[in-house]
Amino acid sequence: MHPISRRSFVAGSLAAAGAAALSRPTVASTPSKQGAATELTQFDYGAVQLLEGPLLEQFRANHAYFLALDEDSLLKPFRQKVGLPAPGEEMGGWYSWSDEFDPPNNMTGYVPGHSFGQYLSGLARAYAATGDKPTQAKVQRLVQGFAAAISPKFYADYPLPAYTFDKSNCGLIDAHAFAQDPHALPALAQLTDAVMPYLPPKALTRLEMAARPHPSIAYTWDESYTLPENLFLAYQRSGDKRYLSLAQRFLQDQEYFDPLAAGDNVLPGQHAYSHVNALSSAAQAYLMLDSEKHLRAARNGFDFVLAQSFATGGWGPDETFFEPGSGVLGGSLGSTHASFETPCGAYGHFKIARYLMRITGDSRYGDSMEKVLYNTILGAKPLEPGGFSFYYSDYNNRGAKTYYPERWPCCSGTFPQITADYGISSYFRSLGSIYVNLFVPSRLRWRQNGARFALEQRTQYPYTSGIEMRIDAERPETFVIALRVPTWAAKHTAVSLNGRSVSADLQPGAFLPLRREWKDGDRIEYTIDRPLRLEAVDAQHLDTAALLSGPLALFAINATESRFNRAQLLAAKQLGAASAQWRVEAESAPVTFLPFPDIEDQQYRLYHDLQS
């Protein structure tokens, strides 16, 4: 939220696996609670354990950061507004009440308590992933403290009631579902009663908000159109039909989902993150109501986003979508440093990609997750004490990593949520099949026909091409392990089992299904050929391109004035096995290129004006 713009499988033996790869798996569908069926289902948080590597490191850092936050400080804005004793220090920034709030000139005190629900959600998900009892206890204490302060008074003269209620709803339903908090759902019922007088009769666009009387511009930035996703989830987890009714009430059909379903791109001019986030409401409407219209809207909307994305997978420069064919993406390289609202945008991107992957079984949604993972969120700088957060990935021709100037912005809330979600984004399942989506150091545990199984990945991908998977099996069982074959994977991509090559027709942009009787100690070696390639920034700037190795976008370091031709870039050399450094021989001197996660405080450049 920017204060101004705002942001088939194959039967038979393993050798038969070469018959076909799957773009949509021909497996039995699994019904959701009600409504539509899905091709794939998601594992529980506790089924996936991240192993040593950058994803685990980032998750641990966020978990520890939020576990250490003072509970009285987190609860202070709610207690203050309703006149309860409010010990603890002010957190400041966006999070605390302030007489200095004067939008858009001074955003101190912008949305007090806004991210409390996200911090609660992140901790609840972290508990579900780790089983850490102090984390569970903290979640439950925070819920009790929050419940005692819930009052309609909090929302009086509050600029973004729907925005903050949505986050609080998410936190409470996650505390219930993932931290087994018995008080969370009663607190949500109380919270819903409190906010109802302050919610609009329907989801309002920004223009509709601006047309209503408002004391300041901040009151025109509320996001009631994002409410349905968590309201549908509240209904699923509680059975209270009030949440189902509210979810349907706030579906923004006329202005957003109806035209998207019809193939009309209505994204231009809209705030980027919140409208991608709203696509998850359309996905939930499909799952709960079996509404094909909303599925079309979610798929078409996401396709429109992908069509105007950077080589990194990021989108929405200046937090805004633009007219296709306008060349704005290329133009933004010299006009803004606010290229992609990263923790929030990555969180919203992963959510809708997971929904669509579950619903359709299409591996290409996994490709998009992979791109965003390695080129945006995994390179986010860690939260600093006091709530200073990495906010924008910068693709300017003179790019650098910086912190957002205001303390406790929205991206401080989505950061712990997406890192807690890394495990559930890595694997999926269907009847008789396990799908490996992300190639990350991790261990998946599950039961197959009642027998205990585990699949462990060891890899330094995408810095190397090799991924090793080991199977631990209580007894032999026959099922499919399906491996995602990225759309960019080249001809030397290969699979072997227990050291013997598998003859397989690996189709990029599909899953490769390996069906066999899996035994304890079986080992899969998967090698993904990572070709160097160039991607133009948009169709209007075909000679302005980024260099990629597999899913990794490579950034020129401290060489913003260097110029290259296509041959020079495509001759880049990786400096050793699993090295983070690539070298490009330029006319003046060699230039070092790094992936985004390996950039620290250097200046960098992603796109290059190619010389003839």
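The values are calculated or read from the model by the stated rules, or taken from the named source; none is laboratory data. Here the structure is a predicted model, which is why all the values come from computation and not from measurement. When we count neighbours, we look across all protein chains shown, and the Cβ atoms used for this are built from the backbone with ideal geometry, even at glycine.
Which pairs turn up if I take residues in the range 183-197 that are under 10 Å from ARG242 (Cβ atoms) and look for partners that are among the basic types (Lys, Arg) and part of a helix (DSSP H, G or I) with beta carbon separation below 9 Å, at least 6 apart in sequence or on another chain?
Every condition considered, the pairs that remain are ALA189/ARG242; THR192/ARG242.
Could you please find all residues in the range 295-326 being in a loop (DSSP other than H, G, I, E, B) and either under 26 Å from GLY379 (Cα atoms) or not acidic (Asp, Glu) (or both)?
The answer is GLN308, PHE310, ALA311, THR312, GLY313, GLY314, GLY316, PHE321, PHE322, PRO324, GLY325, SER326.
Cβ-Cβ distance below 8 Å, separation of 6 or more or different chains: which pairs start in the range 399-414 with a residue that is farther than 16 Å from VAL111 by Cα and modelled with pLDDT of 95 or more and end on one that is aliphatic (A, V, I, L, M) and crowded, with 20+ Cβ neighbours inside 10 Å?
Here the result reads GLY399/LEU606, each pair linking the range 399-414 to a residue that is aliphatic (A, V, I, L, M) and crowded, with 20+ Cβ neighbours inside 10 Å.
When ARG447 is evaluated against the numbered criteria (1) part of a strand (DSSP E or B); (2) surrounded by 15 or more Cβ atoms within 10 Å (Cβ to Cβ), which criterion, by number, is the only one it fails?
(2)
Table: residues versus (1) closer than 29 Å to TRP582 by Cα; (2) surrounded by 20 or more Cβ atoms within 10 Å (Cβ to Cβ); (3) out of contact with any strand residue (DSSP E or B) (no Cβ under 9 Å at 6 or more places or on another chain).
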site: ARG458; (1), (2), (3): yes, no, no
site: GLY466; (1), (2), (3): yes, no, no
site: VAL485; (1), (2), (3): yes, yes, no
site: LYS491; (1), (2), (3): yes, no, yes
site: ARG500; (1), (2), (3): no, no, yes
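Of the conditions (1) closer than 28 Å to GLN568 by Cα; (2) surrounded by fewer than 20 Cβ atoms within 10 Å (Cβ to Cβ), ASP472 fails just one. Which one is it?
Condition not satisfied by ASP472: (1).
Kindly evaluate TYR422 against the criterion of being farther than 26 Å from GLN581 by Cβ, of a type in the set (Ser, Thr, Tyr) and buried (at least 20 other Cβ atoms within 10 Å of the Cβ).
Values: farther than 26 Å from GLN581 by Cβ: no; of a type in the set (Ser, Thr, Tyr): yes; buried (at least 20 other Cβ atoms within 10 Å of the Cβ): yes.
No, not satisfied.
Could you say whether any residue in the range 470-489 is within 29 Å of LEU594 (Cα to Cα), of a type outside the set (A, V, I, L, M, F, W, C) and touching a Ser or Thr at 6+ places or on another chain (Cβ under 6 Å)?
yes
Looking at SER29, is it touching an Asp or Glu at 6+ places or on another chain (Cβ under 8 Å) and at pLDDT below 50?
yes
In the range 33-46, how many are in a helix (DSSP H, G or I) and either among the charged types (D, E, K, R) or surrounded by fewer than 18 Cβ atoms within 10 Å (Cβ to Cβ) (or both)?
Number satisfying all stated conditions: 1.
Output the helices (runs of 4 or more DSSP H) that fall wholly within the range 327-387 and possess 2 or more residues being surrounded by 23 or more Cβ atoms within 10 Å (Cβ to Cβ) and in contact with a Pro (Cβ under 8 Å, 6 or more places away or on another chain), or say none.
Ranges flagged: 364-375.
Specify which of the listed residues (SER442, SER465) is more than 30 Å from SER562 (Cβ to Cβ), within 25 Å of the chain's Cα centre (by Cα) and not hydrophobic (A, V, I, L, M, F, W, C).
Of the residues listed, the single one that is more than 30 Å from SER562 (Cβ to Cβ), within 25 Å of the chain's Cα centre (by Cα) and not hydrophobic (A, V, I, L, M, F, W, C) is SER442.
Would you confirm, using the coordinates I've provided, whether ALA194 is farther than 20 Å from TYR235 by Cα and either small (Gly, Ala, Ser) or outside any helix (DSSP H, G or I) (or both)?
Details: farther than 20 Å from TYR235 by Cα: no; either small (Gly, Ala, Ser) or outside any helix (DSSP H, G or I) (or both): yes.
It is false that ALA194 is farther than 20 Å from TYR235 by Cα and either small (Gly, Ala, Ser) or outside any helix (DSSP H, G or I) (or both).
For the range 515-560, how many residues meet the condition of being modelled with pLDDT under 95 and closer than 22 Å to GLY327 by Cα?
Number satisfying all stated conditions: 1.
Taking GLY269, is it under 27 Å from TYR395 (Cβ atoms), modelled with pLDDT of 95 or more and outside any helix (DSSP H, G or I)?
Yes: the conditions hold for GLY269.
For the range 517-530, check the following and say yes or no: at least one residue is part of a strand (DSSP E or B), hydroxyl-bearing (Ser, Thr, Tyr) and over 27 Å from SER393 (Cβ atoms).
Within the range 517-530, one or more residues are part of a strand (DSSP E or B), hydroxyl-bearing (Ser, Thr, Tyr) and over 27 Å from SER393 (Cβ atoms).
Inspect the range 290-308 for any residue being of a type in the set (S, T, N, Q) and over 22 Å from the mean Cα position of the chain (by Cα) and give the result as yes or no.
Within the range 290-308, one or more residues are of a type in the set (S, T, N, Q) and over 22 Å from the mean Cα position of the chain (by Cα).
Give the residue, chosen from GLY88, GLY145, GLY117, GLY122, that is on the phi > 0 side of the Ramachandran plot and modelled with pLDDT of 95 or more.
None of the other options fit; the residue is GLY88.
Evaluate the range 400-407: report whether one residue or more is within 22 Å of GLU600 (Cα to Cα) and polar (S, T, N, Q).
yes
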